[in-house]
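Any read-out appearing in this document is the output of simple, stated calculations on the displayed coordinates, not a laboratory observation. Here the structure is a predicted model, which is why all the values come from computation and not from measurement. A quick note on method: Cβ atoms are made from the backbone with ideal geometry, for glycine too, and the neighbour counts reach across all protein chains shown.
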Amino acid sequence: MSGRKGEIIRTTRETDIIVNIDLDGGEVKVDSGIGFLDHMLTAFGVHGGFGLNVCCKGDLEVDGHHTAEDIGIALGQAFAQAIGDKKGIARYGSFYIPMDEALAFCSLDISGRPFLVFDAQFPQWRCGEFDCCLTEEFFRAFAMNSGVTLHIKSMYGNNSHHIIEAIFKAVAHALKAACKIEYEGTLSTKGVL
């Protein structure tokens, strides 16, 4: 694909997924089969300023685990494809997002060295048909497949919906900052990321 775009088609016995991402903007359209996850991924696309198309048919008769994790895998792979050789990018991004009583923070490095630090507690275990624990599974899959070092922290909050939404938006804004083209070369003493 041309420009800063990525496309992944991923089919397993558990999920059938198509993900398209354009780091420089476009329409956001999400159909994961889980309403709350659609809401979070839509917020991710809009707040990141990304063009994003996600379509997933998953084994929701089991639960949402495979759907959330596999979308994270596919989105991470599409992001890695879109960011390419990382030449010129700001590389680092950090952002706080308040959502009513909740506050979330994300700091990340598009380093090529995948890692996740996830520190969040969810007072309610479910948001609609989405198990809140799948938030960490989604971001682990995204980090490992995108090559991003990703630190996420919920500072506080009483409402799981607000906490998770603040997290998704914080990650989106941090990625938006890190993806911005700011340099002629590559921001690394090695000369390559």
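A few comments on the model shown:
- Remark: for residue pairs K87/K169; K86/K153; K86/K169; K86/K180; K5/K180; K57/K169, the C-alpha separation exceeds 20 Å in K87/K169; K86/K153; K86/K169; K57/K169.
- Filtered chymotrypsin sites (Phe, Trp or Tyr not before Pro), region 71-176: DSSP coil and at most 15 other beta carbons within 10 Å: W125
- For the chain, the longest principal axis of the alpha carbon atoms and the long axis of helix 65-83 meet at an angle near 10°.
- Amide H within-cut-off set for M155, under 5 Å, with H built and near neighbours excluded: L103, A104, F105
- From least to most packed, judged by other beta carbons within 10 angstrom and beginning with the fewest, V117, V30 follow the order V117, V30.
- Inter-site label distance for F118 and R10 at 7 Å from Cα along Cβ, in nm: 1.4 nm
- Of every Cα-Cα pair in region 4-61, the percent that sits beyond 19 Å: 28 percent
- Taking other residues whose beta carbon is less than 14 angstrom from the beta carbon of C55, and scoring Lys, Arg as +1 and Asp, Glu as -1, yields -3.
- Share antiparallel - DSSP beta bridges, region 5-179, percent rounded to 5: 80 percent
- For region 1-100, the Cα gyration tensor yields ellipsoid semi-axes of 23, 17, 11 Å (square root of five times each eigenvalue, largest first, whole Å).
- Inter-part distance where region 140-193 and region 16-45 are each reduced to a Cα centre, Å: 16 Å
- Per-residue Cβ neighbour counts within 10 Å put K180, K86 in the sequence K180, K86, beginning with the fewest.
- Dimensions in Å of region 101-193 - Rg and Dmax from alpha carbons: 14.8, 47
- Exposure here means at most 15 other Cβ atoms within 10 Å; with GluC sites (Glu not before Pro) in a DSSP loop as sites, the longest stretch of the chain lacking them is 130-181.
- Each helix, a run of at least 4 DSSP H residues, gives -39500 (n - 2.57); summed and divided by the residues of the chain, these come to -11500 deg cm²/dmol at 222 nm.
- In degrees, nearest ten, helix 160-179 long axis to first principal axis of the chain (Cα): 10 degrees
- Axis angle, to the nearest 10 degrees, between helix 134-146 and the longest C-alpha principal axis of the chain: 20 degrees.
- Note on the chain: with charges restricted to the Cβ of Lys and Arg (+1) and Asp and Glu (-1), its dipole about the Cα centre is near 840 debye.
- Cα gyration tensor category, rounded, prolate or oblate, for the chain with a/c compared to 1.5: oblate
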